[in-house]
1. Report yes if residue 23 is touching a strand residue (DSSP E or B) at 6+ places or on another chain (Cβ under 8 Å) and assigned to a helix (DSSP H, G or I), otherwise no.
2. Answer yes if at least one residue in the range 40-49 is without any contact (Cβ under 8 Å) to a residue 12 or more places away in the chain and under 11 Å from the mean Cα position of the chain (by Cα), and no otherwise.
3. Among the residues of the range 7-20 satisfying the criterion of being surrounded by 11 or more Cβ atoms within 10 Å (Cβ to Cβ) and outside any loop (DSSP other than H, G, I, E, B), which is nearest to the chain's Cα centre (by Cα)?
4. Can you name every residue in the range 50-69 that is within 15 Å of residue 3 (Cβ to Cβ), assigned to a loop (DSSP other than H, G, I, E, B) and free of Cβ contacts under 8 Å to residues at least 60 places away in the same chain?
Amino acid sequence: MNLLTCQHNKPVIISAFTDEEVELRLHEYGVCKGSSVKRLSKAPFSGPILLETEVSKVAIRRKHAKHILVT
């Protein structure tokens with residue numbers, strides 16, 4: 001399952017990235033494989049997704065969320 005299809009407001013663990021560019025970009029924000037994240041909201045009209053990590057909140061594009069596999 002990827003980050004777009006996971007349940008809203010439910011903690012999930014990042015298991016893998018299918019795109020190296022997305023992995024490197026999120027690593028800059030402290031989000032890496034094994035991190036616990038929660039999808040807080042999706043903006044309308046294909047807007048960004050707001051994630052809550054252990055330490056902060058990060059907005060990412062939907063096209064990048066497709067490349068984040070979670071369990």
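1. yes
2. No, because not a single residue in the range 40-49 is without any contact (Cβ under 8 Å) to a residue 12 or more places away in the chain and under 11 Å from the mean Cα position of the chain (by Cα).
3. 14
4. 53, 61
Each value in this text was obtained by applying a stated rule to the coordinates, not by laboratory testing. What you see is a predicted model, and the numbers here were worked out from it, not measured in a lab. Positions of Cβ are backbone-derived with ideal geometry, glycine not excepted, and every protein chain shown enters the neighbour counts.
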